[in-house]
Amino acid sequence: MLVYALLLFISYSIILGLLSISLASSLFYFAKMSDENPSRVIKFLRGLVCFVVGFLVLFLFFEPISNLSVILSITTHLMYYFLINDFPLVNVKTLKFIFTCIIAFVSNVVAIKSAFSIEYNLWQILGYLFFTEWLCPFVIFIALLADENIIPTTFLNSLPYKKSKK
């Protein structure tokens with residue numbers, strides 16, 4: 001049994017490492033894409049929001065999760081959809097942004113309370129919360145952070161005063 005536990009530990013460590021590398025490279029690609037082609041990112045973000053709202057409608061009809069939680073989450077995602085219209089220039093002082101943050105916080109609290117009130121295991125609850133509450137804001141946040149100064153480049157190419165010798 002000790003050898004099996006050791007094998008599981010090594011396997012999980014390798015899987016975690018590969019998942020971390022995969023996540024980092026996909027976030028790098030997404031940040032680079034949002035810097036180079038914002039219109040494609042807007043289409044992707046709108047599609048992602050519509051996809052999540054579609055699943056939330058299915059949750060509304062087929063799962064025993066609180067209707068209030070699902071309706072709040074749908075409302076939050078609709079606010080994200082309207083927030084994307086200003087992408088990549090989102091002003092944090094606007095009423096639309098402030099209201100989106102408030103309703104996202106309330107939606108998270110209600111979703112966590114309603115998810116833990118149903119007898120699902122922790123991984124199912126985390127999967128539900130990640131997909132319905134955390135995925136879109138995380139992707140929008142990554143897209144907003146990407147600009148010329150964040151994406152890594154070689155040092156010599158980033159110096160504006162350095163001219164190549166001919």
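Let me spell out the model: positive unit charges on the Cβ of Lys and Arg, negative unit charges on the Cβ of Asp and Glu, origin at the Cα centre of the chain. What dipole size does that give, in debye rounded to 20?
For this selection, approximately 800 debye.
With a/c under 1.5 counting as rounded, go ahead and sort the chain into rounded, prolate or oblate using the C-alpha gyration tensor (a ≥ b ≥ c being the square roots of the eigenvalues; past the cut-off, prolate if a/b is larger than b/c, else oblate).
oblate
Taking 8 Å as the Cα distance limit and 6 or more residues as the minimum spacing, I'd like the relative contact order of the chain as a percentage.
Dividing the mean separation by the residue count of the chain yields 30 percent.
Order the peptides 23-29, 125-131, 69-75 from the highest to the lowest mean number of other Cβ atoms within 10 Å of their residues.
69-75, 125-131, 23-29
So which DSSP H runs in the chain come out at 24 Å plus along the axis (Cα) with average Kyte-Doolittle of at least 1.6?
Within the chain the helices that satisfy the rule are 38-62, 95-117.
Mean separation of Cα pairs under 8 Å and 6+ residues apart, divided by the residue count of region 56-113: what relative contact order is that in percent?
38 percent
Based solely on its DSSP helices, what 222 nm [θ] is calculated for the chain when runs of n ≥ 4 H residues each add -39,500 (n - 2.57) and the sum is averaged over all residues, nearest 500 deg cm²/dmol?
Helix contribution divided over all residues of the chain: -25000 deg cm²/dmol.
Sort 6-15, 54-63 for me by packing, meaning the mean count of neighbouring Cβ atoms within 10 Å per residue, highest on top.
In descending order of packing, they fall as 54-63, 6-15.
Taking the chain as a Gaussian network, where each spring joins two C-alpha atoms under 10 Å apart, which residue of 89, 122, 18 fluctuates the most?
Among 89, 122, 18, the largest mean-square fluctuation in the Gaussian network model of the chain belongs to 18.
Bear in mind that the values in this text are calculations on the coordinates, not laboratory data. None of the values given here were measured: they were computed from a predicted structure. Reconstructed Cβ throughout: ideal geometry from the backbone, glycine too, with neighbour counts over all protein chains shown.
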